[in-house]
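Working notes for the structure below.
Values in this text are rule-based calculations from the coordinates and carry no lab data. Keep in mind that what you see is a predicted model, and the values were worked out from it rather than measured. Here the Cβ positions follow ideal geometry from the backbone for every residue, glycine too, while neighbour counts run over all protein chains shown.
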Amino acid sequence: MSAPAAPALAAVQRLRGPNNEGVLALILIGLVVVMSIASPAFFTLSTMFAIVRSSIVPLIFALGVLIVIISGGIDVSFAAIAIFAAYTTVRIAGAGLDLGLAGVFVVALALGAVLGLVNGAVIARFRLPTLIVTLGTQGIFKGALLTYVGSRYIADLPASMASVSTTNVVEISSGGRGAYLHVMAVPAILLCFAVAWMLRRTMFGRGIYAIGGDAEAARRAGFRVVRTQRWIYVLVGMMAAVGGMIYMIMGRSANPQDLVGGEMDIIAAVVLGGASIFGGRGSVLGTALGVLLVQVINNSLILAGVPSAWQRTAVGLLLIIGVGVQAVSAKRSVRRVRANDEEGVAA
Amino acid sequence: MNDSSTSNNPLKRVNAQVGDRYAEMLSRVHVNRGSGRMMLLVVVAFAVFAALKPQVFLSPLNMQNIAIASPEIGVIAIAMMLAMLTGGIDLSLVSIANLSAITISTLYTSIAAGDPARAEQLMPVLVLIGLVVGLVGGAINGLLVSRVGITPILATLGTMQIYNGIAVAWTGGRTLYGSPDSLTAIGHATVGGVPMLFVVFVVIAIAVGVLVSRTPLGLKIQLQGANPVAARYSGINSRRVLMSTYLVAGLLGGVAGILFIARNPTASADYGASYVLLVIVIAVLGGTNPAGGFATVFGVVLATLTLQIVASGFTAVRLSSYEYAIAQGVILILVMVADQVTWRRRRIARRPVGTAAVQA
């Protein structure tokens, strides 16, 4: 490698970030620029706010999935937990036990924690594959909800939840068109910071990375693997519950048939955001960028007049390309390491 | 994956060691679990519902329904088993099956619009095209997994979205009607009281069974899943093995699409959406080790029948499909836990011998 190229290369390396966040951000910016040129309607505050609004619930779910994926697992039951916790809470509050906004969230969080504990207990205790266990619990949670709690669509939420349904945190009306940012963007953003802080600054967070990197090594390093794993799923259950509540608040209704089935889209967004499916790698920033990218693409396709049916294909292609680039570069670096090893042996 | 530290040892010794470990795994872990216990589960499930509601459950119509509904799920589950045998997974199978069914239906209707008799004659060609669609889907998966090196769960998660997106865009989300009458006739025919579809299922199961346990490719697939490192040292071309596995899985997906449309002359993008997770349940229940290396086709067939018996039994005793979802989850987790507990007990029982060997 020639000398003048080195600093440029280092700058590119720094830009890429630990999990390709830089590349992701560049793609995102590029897409926004192209769309803004192609369609003037795109580069407006109301479009931006609409994209943020549609990202809120996927982002919260994605944060939970991120934690599980960093720990080396995969969770397909979070949507079932979300709908179980939120719908049950609405039923309880609707039955004359409306505890105020904070109260209903506490109820939902408790439900989410219990369901998460079921996952965590089975997975940690018996060391079973997380995909299969959560597949099983997904069926159990959804079946139990529809059998024992209710299967009816509820059109009006309890007063405490309904009161924030139409609250906006930012309202700007310019040129006859208003731009509104839903108040629920605030907890979503706060949650991002909280999870980022937890992952980077607490022993629990470091433990999640350690387990995902190598569970046996984490155990020998003194991390309590079983206990950490259990808490991971409790935490994810609680975050799913928050996502479910916000989903219902923003949708202004409660449908027990919703959400379940959309798990794969969320997992795809997280993986797109640079989290390694093998565990041990991933960041909140990357995840947020991944979720935003998917939503921007969805929005662009609609504006560009492409049938919304192609959304799935676009996300699938993006996932394959994103992961494919990672896989190829990982292969190259393995080859480089091996080449270095051989040099070392020869010397 | 600490093979680099041992690679300084003579290759032969490593090979022998890893090979022994692998043989031990195959012979001790999960062995014969699929067939033995699944047999019991089928009998128990059958007996319970036969005792609870004999007049409904034991009626010939119900028996035929079980036999007609099982094949399409069973064939996809066998394909899933193959992918799991290599330590992978294939989430795109149902999407492939739907694409194959949609292709057949679209081609038939467009030809039949001009010349119905000709469209009818072309039935075998249409079926063949359906299989080709499956093969192409499988080939794309295979390339992504074996060449590009994407983890199977992600590669097939992506292709699942792509194939499904194509199907949705193609059909506009609507259900397509129309397929050759002769195909429908085959779908409704019976041979000595047994539905033709079930016969096809059994034939495919036997074919895949022979492929897995009696051919060099089958042996390589098993070895690849049991221990990729040992497989590499044994000179197995893992790229080619993975490619073949996903090709066969895709082909079986195409077969499932043909079964879809033979049973019911319609095709849509979201048919069998709940099958994606159900077939994983069936494959695991049938004794497939999700980490790879062990599976039996017979076990998967029995698991398919068990779940189908439970489903129709639940209907017979008037339990809802929601309760069936609970039962599925509970059965899956209980069987997994039971496996794990017996496996650990065996390992603990063997440990004294193992430690002695290490000390010696």
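Rounded to the nearest 20, the size of the Cβ-charge dipole of chain A about its Cα centre is 700 debye, with Lys and Arg at +1 and Asp and Glu at -1.
Taking a point 7 Å out from the Cα of B:ASN264 in the direction of its Cβ, the residues of segment B:146-184 whose backbone N falls within less than 20 Å of it are B:164-165, B:167-184.
Across peptide A:125-133, how many C-beta atoms of other chains are within 10 Å of each residue C-beta, on average?
Details: counts 2, 8, 2, 7, 5, 0, 6, 10, 5.
Mean inter-chain Cβ contacts per residue within 10 Å come to 5.
Apply 1/(1 + (r/R0)^6) to the Cβ-Cβ distance of A:ALA95 and B:LEU58, taking R0 = 45 Å, and write down the FRET efficiency to the nearest 0.05. Between A:ALA95 and B:LEU58 the formula returns 0.55. Per-residue ellipticity at 222 nm computed for chain A from its helices equals -24500 deg cm²/dmol, with DSSP H segments shorter than 4 residues left out and the rest contributing -39,500 (n - 2.57). Comparing Cα centroids, segment B:250-291 and segment B:128-192 end up 10 angstrom apart. Grab the other residues whose beta carbon is less than 14 angstrom from that of A:GLU216, score K and R as +1, D and E as -1, and report the net. It works out to a net charge of +3.
For B:MET39 and B:LEU319, the difference between the fully extended length at 0.36 nm per residue and the C-alpha to C-alpha distance is 98.4 nm. Compared with the alpha-carbon gap, the fully stretched path from B:THR184 to B:VAL48 is longer by 45.6 nm at 0.36 nm per residue.
Put simply, when A:26-35, A:235-244, B:92-101 are sorted by average Cβ atoms within 10 angstrom per residue, most first, you get B:92-101, A:235-244, A:26-35. Taking the C-alpha atoms only, the angle from helix B:60-85 to the longest principal axis of chain B is near 40 degrees.
Counts of other chain beta carbons within 10 angstrom of each beta carbon in peptide B:277-284 average 3. For A:HIS182, B:HIS188, the sequence from fewest to most other C-beta atoms within 10 Å is B:HIS188, A:HIS182. Taking the Cβ of A:VAL65 as the centre, find all other residues whose Cβ is under 11 Å away and add up their charges (Lys, Arg: +1; Asp, Glu: -1). Neighbourhood net charge equals -3.
A Förster radius of 41 Å, combined with the Cβ-Cβ distance separating A:VAL34 from A:ARG224, puts the computed FRET efficiency at roughly 0.25. Peptide B:320-328 is shielded by partner chain Cβ atoms: per residue, an average of 6 of them sit within 10 Å of its Cβ.
The charge dipole of segment A:196-347, taken about its Cα centre with unit charges on the Cβ atoms of Lys, Arg (+1), Asp and Glu (-1) only, comes to about 480 debye.
In plain terms, the residue of A:MET250, B:MET81, B:MET39 with the fewest other Cβ atoms within 10 Å comes first and the most crowded comes last, giving B:MET39, A:MET250, B:MET81.
For chain A, the membrane-span-like helix rule (DSSP H, alpha carbon extent of at least 18 Å along the helix axis, mean Kyte-Doolittle at least 0.0) picks out A:21-38, A:45-70, A:78-94, A:100-126, A:130-144, A:185-201, A:225-251, A:284-303, A:310-346; this says nothing about an actual membrane.
Angle of helix B:123-142 to the longest C-alpha principal axis of chain B, folded into 0 to 90 degrees and rounded to 10: 30°.
Modelled spin labels at B:LEU334 and B:ALA113, positioned 7 Å past Cα toward Cβ, are 5.3 nm from each other. Taking other residues whose beta carbon is less than 14 angstrom from the beta carbon of B:ALA79, and scoring Lys, Arg as +1 and Asp, Glu as -1, yields -2.
In terms of its alpha-carbon gyration tensor, segment A:201-347 comes out oblate; a/c meets the 1.5 threshold, while b/c is at least as large as a/b.
Ranking A:VAL107, B:THR86, A:GLY274 by how far each Cα lies toward the positive end of the dipole of the protein assembly as shown (charges on Cβ) leaves B:THR86 at the top. Enter the angle in degrees (range 0 to 90, nearest 10) between the Cα long axis of helix B:196-214 and the first principal axis of the Cα atoms of chain B, meaning the one along which they spread out most. For B:196-214 against chain B, the angle is about 20 degrees.
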